[in-house]
Amino acid sequence: MKKKALAPTLFLMLLFSSLFYGALIQPVESQSFETIYIRDDGSVEGTDKIQMKGNIYTLTDDIFGTIEVEKDDIVIDGAGHTLQGRKEVNERGIYLKGLGWGYPGCGNVLIKNFWISNFLEGIYVAGGRNNSIIGNYLESSIHVIGSANLTGDLIKHNTIKDSWVFVDYNLGGIDVVTENNFIDCGIYVGLSVAPIVDRNYWSDYSEKYPDAKELDGSGIWDTPYIDDRYEEDMASSGKYISCIDYHPLISPVLIPAFPEASPTPEPTPTPSSEPTPSPTSMPHEIPEPTEQEVILGLVFMVAIIGGSLVLFVFLLKRK
């Protein structure tokens with residue numbers, strides 16, 4: 001064989017080894033963003049990860065996307081799965097929209113057992129009519145309860161971390177926010193009568209009220225918790241009323257755990273150990289190659305290069 005014939009052979013072998021190794025450690029493509037609709041007729045569009053049985057809609061997997069709801073009188077059960085967003089404008093985690101402008105928002109909807117994270121607006125209620133948000137882990141989002149009607153909403157047994165709850169246009173003042181764990185977050189009440197905020201756990205309570213004491217062994221602090229961090233900015237408008245919890249809890253609320261099929265959050269934080277989300281992998285993450293995959297790829301590439309060099313030397317000696 002001539003020398004000039006050896007170069008293409010060696011080049012092809014090296015090229016093949018590089019392509020193989022690159023394919024071996026190529027990260028898995030990220031999951032696409034889903035826009036899901038629960039229509040007024042009860043149908044589900046945009047995903048196969050929601051199972052419908054009667055008026056109960058249950059997630060069967062994590063979702064990287066948003067859910068817009070038009071239908072009344074339903075239960076939306078996250079079953080402990082993650083609903084995660086991109087923190088982009090106008091993307092809402094669960095949007096109780098109803099049929100849109102000119103129509104009342106959704107009514108009698110229960111949202112439970114969700115892990116909602118990384119939205120500008122995680123849960124958005126466009127006009128509250130007996131909706132309930134119970135038993136969720138809400139993180140790194142703003143959650144808006146727009147209660148233009150007079151029947152109110154219930155927010156209970158949620159752990160809310162690094163987030164805000166905004167209660168707007170609640171002219172009746174009958175929303176109920178109780179027995180939640182507020183971890184490094186708070187409530188803003190705008191253009192409305194203050195909702196009934198009572199018996200919640202606030203992670204910064206001891207820092208704000210270092211001299212507070214337990215009230216007669218009741219598990220309640222003797223000093224109300226006042227969330228006034230927006231008061232100075234809104235004072236000139238005369239429309240802001242401080243959120244006051246008259247019976248703040250000393251210990252976090254014991255919230256029932258999510259179903260076993262879910263990622264395992266820490267739904268019962270303690271003052272010394274705040275909950276940290278720990279799903280196995282968030283829906284939009286790009287997995288890194290494992291150590292075994294990297295080692296296997298390197299070994300294979302070295303073997304190909306070594307074999308190519310041996311063949312090259314052998315052919316030279318035969319010339």
Here's a check for you: in region 184-206, which residue that is of a type in the set (A, V, I, L, M, F, W, C), in a strand (DSSP E or B) and modelled with pLDDT under 95 is farthest from the chain's Cα centre (by Cα)?
Ile196
Might you let me know whether region 74-96 holds any residue that is more than 19 Å from the chain's Cα centre (by Cα), small (Gly, Ala, Ser) and surrounded by fewer than 22 Cβ atoms within 10 Å (Cβ to Cβ)?
no
Just give me the residues in region 113-141 being closer than 15 Å to Val177 by Cα and surrounded by fewer than 21 Cβ atoms within 10 Å (Cβ to Cβ), in sequence order.
Asn130, Ser132, Ile134
Output the number of residues of region 29-88 satisfying the condition of being without any contact (Cβ under 8 Å) to a residue 24 or more places away in the chain and aromatic (Phe, Trp, Tyr).
1
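The values are calculated or read from the model by the stated rules, or taken from the named source; none is laboratory data. Treat the numbers as computed from the prediction; the structure is a model and nothing was measured. Ideal geometry is used to build each Cβ from the backbone, glycine not excepted, and the neighbour counts take in all protein chains shown.
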